[in-house]
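S.K.: Before I ask anything, let me first share the structure, which is written out below as structure tokens.
Rule-based calculations on the coordinates, nothing more; no lab input. On a predicted model such as this, the values are computed, not experimentally measured, just so you know. Cβ placement follows ideal geometry from the backbone for every residue including glycine, while neighbour counts extend to all protein chains displayed.
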Amino acid sequence: MWSGVALTLTERLAGERDGLSVLGAALLLMALLHGTLLLGGSFERTYDALIHIFFASHYAQAWFDPWEPRWYTGFWMVSYPPLAHYLIAALGKTVGLKLAFALVQLFALLLLTVGVYRFSRLFVPPRAAGYATIALALSSSLAETVHVFGQLPTTLSLAFLLNAIPFAWAWTRTGHWVFLAQGVAWMAATTAAHHVTTLFGSVFFTAPVLLVAVLAPLGAGGLRGLPRHWRATLPGALRAGAFAALTVVMLVVVVLSYWAWSRADPITQVPIPHASRFDFLANPTAGLVFWVVPWASTLLFLPYAWAQARTWRWPLVASLTLLFVLGTGGTTPIPRALLRGAFDILTLDRFTFWATMLILPFVGLAVQDALGGRLGARLTAVLGARVRHVAVAGLVVLTCGASMWVSTLTRHRKFQPPEIDITPIVSFLEKDQHWQYRYLDLGFGDQMAWLSANTRATTPDGNYHSARRLPELTTTAVERLEGAKFSGEAGLESLRYFLTTPEKHHLKFIFSNDAFYDPLLHFTGWHRLGTLENGVALWEREDVPPLPARLPRPELPTYQVVMWGVLPPAAFVVALASLGLAARRRTHPDELEPRAQAAPAPAPTGAVMTAGRVRVVRGVLVGAVAVLSVTGAVAAWGSVRAARAPERVVLRYWDALDFRRYPEAYALVQPTRGLTQERWLLDLSARGGLRASYAKLADLRVLSVKYDGSPPARAFVRVRLRWFTALGSFTDVRDHELRRSTAGWRIVIRPDVQERAPVRFTLQPSLSAFTAPRRLTSPGDDSASALDRPRLDLPEARLVRFDSPSPGGPGGRASYAIIGTVRNEDARPADLTISGALRDASGRAIARVNAGRFAMHKLLPGETTPFMVLFEGINAPPRGARVAGASVDARAVVTGRGLTRNLGAWSEPDGDSLRVQVANTGTREATVPRVLLGVYDARGLAWMIEAFVPLALAPGDTAEVTLRTSLPPGYSVLGNAERSVDGVLLSGRPGGAGSSDAGALPGGRRFRLWLDAFQREGE
Amino acid sequence: VNVRWRVTRLALLSAVLGTAFGACAPDAPTPDGWSGGVRVTSRVTRGEVHFRVTGEGARLPDGTAGSVALAGPAGLVTARAVARAGALQLRVPFSRAGAATYHVTVGNARVRGRVRIAPGTPVRMHAWTDPRAVRAVGNERVPLVVAQAYDAQGNVTPLAVRVVSYAPGARSKVTTATVRHLLAWIPLPAPSRTGTLNFSVQSGLARLELGALDVLPGVAATGVLRAEVATGWGDGRDAWQLRLRNVTDSAGNRAANGTAVTVTARGPGALRYDTTVPTVEGDALVTIPVPPGAGRYVAEGRVDAARLGPLALVARSPLRSGSLPVRWNGATLRIGRIVTARGALPDTGTPVTVQWLSASGRVLREEVVPLVAGSATYDPPPVPAGAVRLRVRVLGAEATLPLGGAR
């Protein structure tokens, strides 16, 4: 297959110049395509770039400080290799961190281009190596890694690795010490950039190369000659072994602090699901992102690469195949079997990325072969010269298109929220010493890292999961509190814990860029201070102490601190400096693999395939195209037909509504007189509330479909909608009538006619309050002295046990709750915090949490609220712990917020339910009205049930909700909880305070209602 | 030239090093071996303690070295000096008030003693009230001013603190309190009227801005609940209006703004209404939508411990008895035209509930259609399995009819 003609030195040098000229073109292409996008700020919309900038901001402020206090209440910077961050920090001093990131990434890409050329030259001729670099510049995988994922250490370390490997090759082949020194220096830089690349790169990149170099003396016989000529491989093997040993030394020494940290502080984080580990067949979206897109530009060359397994390049093909398999995530069981425990920690997209890099030499070879080699001749024979040219041109166009599409993917498909101007947030945190409290951002996406990079304020959240140590975070699979809703109910449970017990982490401020969380914030006791200039809502929680003046921080041994600050940047400098050595001892082409110098065999002058074989190949090709076309057409027809069924129309309608694709949804509505699109949209927007404005459609199921007429002219579809909100999930059953029209089944929707009284002008008195601006006058001041605590009455509270429903099916886990009432005895409104603790027999607290949603946190003078402190889910006592008692504490500060009361409710028992008609008698919309039902037994308040009205109530509006009044399964009273005497008036009254006014329920029980509402407009 | 430059450089270097070593060299040897006793006198001035050490029976030889170490809460402060004119003068900077021990060493003689440093004149003050607001009635918490005065060095001074208070509607009162345990606790006069109690605090040269304490009303004890609109039609338009007036504490002060008033209305069966409203200047307006069910209702209010009411309320049926026209028109159910008891059409959008009932009366399916101009039409879906009749409800009236044209 390959030309066996030995090339002269002149021919080789000419070929080298040929390859270098293509490399130059590739460098230019790389700078133009990726450099332009990077300098244009494409990385700001990626997943990881801002995280690396945050890390760099740390080093920019404190180069030798390995402790970063701004995330997770503090974490070690030594948990991530620092070279990329050091480079950004150093460069950022002059050009700013964002531009520095772009420049470092561009440097990494250019270095990677050179590295791919040098690496490819070990296996393919110069021109093919040049084509490989062009393929790199147009690689959809690289575009995705840089412009969608925003990974920098991956590209930088791979660039170092690919440049290190030729030195290792040369050392193995020649034994010159200079090559060894250069190779080790570049491997050290690889480690400094990303140790995982060194670790796995040694297996997938270095090992096959060195294997080829070691086996080279065996000649054409390959492995078959090993038993007889093994002595010839010994020198190379020993040199390769020496290089490997020194690589390991560098791997340990350069990031020694990392290894010490990982040994002393192993990661306890439960696995966080990552789409690269999913089954791509079961989850096509994950497959698209982590398999189709990266392979888009090179998948076609995979058969050609595998065909090379029969040549001396087989080690590289084997490595490529292994990476290919590992990159398939959970689609096959092989990656899990190979990686074992690491499977749930690693993100497997890196294997696909490496595979798409490892295939580049074969891509270059295939292109050269197709342009002037035997492959080209065969294509011509089968397709004809014209079709072949069109096919090649089409391939180039498709590759360029794919690359550009992927490079700009974040622009036309939003993965992140729109850019947030963080200046107002930073200003707020800096003034009045607000940075002395922790903050949380919601709905920021990865821009949370950019905010952190620009403030000294700290947050319990973060964006680097390996470093977190808070048990509240490590025990859940929630990626970030900031985007808790994307982790479903588990994510919200974690977020609720932080919102309910903010004082534990000094969490006082929340910057919300996602209204989804607003109702949850309101009902857990937070209040909105206003909206900043950038549109971000600012929320605050009262009665949270500031951070102590000195935060606890662990220390590293001094030598580790110095090594961390010196060795990684030194490795980078030494690697670049070692190129000076190369100038004295230049690699001679003869020292490269002679077999790689030969160009693909030129096309023979005669026919490359017999006529019969050409016919067979053509037949197979035509047959394949025909089968694919027919299959596709049948599938498309089936899909279109299914999409026209009534139930599919309803599903499409709700799906379009959920994603705000209004024109698409309206197209499925039966044209009705008086229902224009404008009117339909107005009806949709007229009544907001929990379902319309704060809910996401989580599940949609067709319960029944009935037809009317023959042939059917009408269809009736009953669907069950499950809405996911920050306050929990609720279901909604809807009946839709559909009529058959020429366009297919269409949903009958009538203009929404709402009951409205004639316009009247209503005035009502209201309350407003002024509180002095929040200001800590000096760092030494005790903030508690600035707070005045209203007097509270805390009657007896009971500890109960019940079975909370198990998400997995029947049966439930034993849970606990403290239930009681608190009354504001003061003459001023109170912002209430109720804390409960479960204790074991020795009095030790085994679980501690605050009352969250099951309480009204803002109390008028003389007002009473029921409360329920729930110990379930992540708040539950540890398994095996025996609950022997409980204690409860209530405290409050004076507040001027939440003084509006504009709801009333008619209620009437109906069996074991209570039908409640909630009315808004005020002058402002009650966006999310809530009903708290207190169920009393003979001893007092026994249980609490809440219900939210799904629609907003305008003034004068009413809405009905139904609450079940039964106690939970397994309910039993364990006794009274101890009450704190700190600032609380303890009355001897039983916990059933107010039960004399309560309404009657069947079975001798009684009930009371409490009403409050979240108001979108704030107060 | 090179040689000369080297010599010059060496000479300069030698000079610099010699000067440096000379500066670092220990003091010239002093006459030591003082074996006699010493006498120590101390004097405290602003920020310093002065020690004078003389020999017992003999002058200290000039040049005799000595030191004093002063131990205080902040640690040990040491000063050294040599005798001049027969005595050793030592000055130790020290500003913490209180007793401090010292240790003087001169040759072989060692003397221990104690010096008391008194705070200076108060120049700065910190004071706060606890609580910041009290009720005029009930006196559940005595308002206190807690003060702490400091001298220029930050020592708490024992000088008495003088408070002049200006209670609302009362003459000023002067109270003086001594400092105990570093704090002066000054109870303010119990006010009997609501308003702002101002006070000034002074000790020595230290003064503060005028302090303020809110005097708020006591627990609400009385109030009047009246029905301004006690009769209404249950057509969704009307509401009973209850007015709560003159909510005051036992001393006649208007209840604190925002005081919660809970109003409950009870009607036929177990129907009840609950709402909470805040008072504004002792008044509150309670609006209760009149329910569709006709009958007599009773409303009661509660504010703190005071019970208000009961009041009688009347709800009238919005529709005349038997005036719910519902009929089948082919496969369509027509409701209306409905006219209310007041001779008007119901509000457009008034919900009409259509229920499919089984033989046992169980609701199999329920749908709501709105009234438009007093009428509504309903195109029923295929009849649910087991359904035997329809029930139509609107504005508290209901009609039951067979399935009729429904398929």
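S.K.: For an R0 of 35 angstrom, estimate the FRET efficiency from the Cβ-Cβ distance between A:Val627 and A:Val390 and round to the nearest 0.05.
M.R.: Result of the calculation: an efficiency of 0.95.
S.K.: Could you calculate the FRET efficiency of B:Leu144 with A:Leu529 from 1/(1 + (r/R0)^6), where r is the beta carbon distance between them and R0 is 25 Å, rounded to 0.05? Walk me through the numbers before you get to the answer.
M.R.: Working: r = 32 Å, r/R0 = 1.29.
According to the calculation, E is roughly 0.20.
S.K.: Okay, next question. Comparing B:Gly195, B:Gly154, B:Gly18, which has the greatest mean-square fluctuation in the GNM of chain B with Cα pairs linked when under 10 Å apart?
M.R.: Sorting by GNM fluctuation, first place goes to B:Gly18.
S.K.: Relative to the longest principal Cα axis of chain A, at what angle does helix A:611-643 sit, 0 to 90 degrees, rounded to 10?
M.R.: Orientation of helix A:611-643: about 10 degrees from the principal axis.
S.K.: According to a simple spin-label model (label point 7 Å from Cα along Cα-to-Cβ), what is the distance in nm between A:Ser21 and A:Asp840?
M.R.: Reported label-point gap for A:Asp840 and A:Ser21 is 8.0 nm.
S.K.: Shifting gears a bit: Fewest to most neighbouring Cβ within 10 Å: what's the order for A:Lys485, A:Lys696?
M.R.: Going from least to most buried by this count: A:Lys696, A:Lys485.
S.K.: Follow-up. Working from Cα positions, state the angle (0 to 90°, nearest 10) between the long axis of helix A:9-30 and the longest principal axis of chain A.
M.R.: For A:9-30 against chain A, the angle is about 20 degrees.
S.K.: Sticking with this structure for a sec: Could you give me the ³J(HN,Hα) list for segment A:204-216, computed from phi with Karplus coefficients 6.51, -1.76, 1.60 and θ = phi - 60°, whole Hz, x at Gly and Pro?
M.R.: Taking θ as phi minus 60°, the curve returns 8, 10, 6, 4, x, 5, 5, 5, 4, 5, 5, 7, 4 Hz for segment A:204-216.
S.K.: Count neighbours as other Cβ atoms within 10 Å of each site's Cβ, and list the GluC sites (Glu not before Pro) in segment A:536-582 that are DSSP loop with at most 10 such neighbours.
M.R.: Those that pass, being in a loop and sparsely packed, are A:Glu555.
S.K.: Mind sorting A:Asp732, B:Asp151, A:Asp441 by how few other Cβ atoms lie within 10 Å of their own Cβ, fewest first?
M.R.: Fewest-to-most Cβ neighbours within 10 Å comes out as A:Asp732, B:Asp151, A:Asp441.
S.K.: While we're here: Using amide H atoms built in the peptide plane, which far-off residues or other-chain residues are under 5 Å from A:Arg813 H to H?
M.R.: Here A:Ser804, A:Ser806 satisfy the definition.
S.K.: Here's another thing I want to ask about it. What longest region of chain A stays clear of chymotrypsin sites (Phe, Trp or Tyr not before Pro) that DSSP places outside H, G, I, E and B and that have at most 13 other Cβ atoms within 10 Å?
M.R.: Values: sites that count: A:Phe64, A:Phe659, A:Phe761, A:Phe770.
Maximal segment without exposed cleavage sites: A:65-658.
S.K.: Can you pull the one-decimal nm distance between simple spin-label points at B:Leu10 and B:Val339, each 7 Å off the Cα toward Cβ?
M.R.: Label-label distance for B:Leu10 and B:Val339, simple model: 13.3 nm.
S.K.: Pairs A:Lys93/A:Lys431; A:Lys98/A:Lys431; A:Lys414/A:Lys508; A:Lys414/A:Lys504; A:Lys98/A:Lys504: which exceed 27 Å Cα-Cα?
M.R.: Numbers: A:Lys93/A:Lys431 25 Å; A:Lys98/A:Lys431 25 Å; A:Lys414/A:Lys508 30 Å; A:Lys414/A:Lys504 35 Å; A:Lys98/A:Lys504 34 Å.
Among A:Lys93/A:Lys431; A:Lys98/A:Lys431; A:Lys414/A:Lys508; A:Lys414/A:Lys504; A:Lys98/A:Lys504, the Cα-Cα distance tops 27 Å for A:Lys414/A:Lys508; A:Lys414/A:Lys504; A:Lys98/A:Lys504.
S.K.: What FRET efficiency would be calculated for the residue pair A:Arg882, A:Asp265, taking the C-beta separation as r and a Förster radius of 35 Å, to the nearest 0.05?
M.R.: 0.65
S.K.: I've got another one for you. Between B:Thr377 and A:Ala282, how many nm apart are label points set 7 Å from Cα along the C-beta direction?
M.R.: 5.1
S.K.: Output the relative contact order of chain A, whole-number percent, from Cα pairs under 8 angstrom with separation of 6+ residues.
M.R.: Once divided by the residue count of chain A, the mean separation gives 11 percent.
S.K.: Can you give the % of DSSP beta bridges in the protein assembly as shown that are antiparallel, to the nearest 5?
M.R.: 95
S.K.: Please give the average number of partner chain Cβ atoms lying within 10 Å of the Cβ of each residue in A:903-915, rounded to a whole number.
M.R.: For this peptide, the per-residue mean of nearby foreign Cβ atoms is 4.
S.K.: Give me, ordered by chain and number, the residues 5 or more places off B:Thr259 or on other chains with an amide H under 5 Å from its own placed amide H.
M.R.: Residues meeting the amide H criterion: B:Thr279.
S.K.: Would you work out which of A:Val800, A:Gly462, A:Ser79 lies farthest towards the positive end of the dipole of chain A? Charges go on Cβ: Lys and Arg +1, Asp and Glu -1.
M.R.: Positive-most Cα among the choices belongs to A:Ser79.
S.K.: Among B:Arg226, A:Arg1006, A:Arg480, B:Arg207, what is the fewest-to-most ranking by other Cβ atoms within 10 Å?
M.R.: In order of increasing Cβ crowding within 10 Å: B:Arg226, B:Arg207, A:Arg1006, A:Arg480.
S.K.: If you put +1 on each Lys and Arg Cβ and -1 on each Asp and Glu Cβ, how big is the dipole of chain A around its Cα centre, in Debye rounded to 20?
M.R.: Working: 103 positive and 76 negative charges, 657 e Å.
That gives a dipole near 3160 debye.
S.K.: How about segment A:628-694: which trypsin sites (Lys or Arg not before Pro) there are in a DSSP loop, with at most 10 other Cβ atoms within 10 Å of their Cβ?
M.R.: A:Arg660, A:Arg673
S.K.: Also: Segment B:259-334: which trypsin sites (Lys or Arg not before Pro) are DSSP loop and have at most 14 other beta-carbon atoms within 10 angstrom?
M.R.: B:Arg320
S.K.: Also: Each residue of segment A:306-322 in order: what ³J(HN,Hα) in whole Hz does its phi give by Karplus 6.51 cos²θ - 1.76 cosθ + 1.60, θ = phi - 60°, with x for Gly and Pro?
M.R.: Values, residue by residue: 5, 5, 6, 5, 7, 9, 5, 7, 4, x, 5, 5, 4, 5, 4, 5, 5 Hz.
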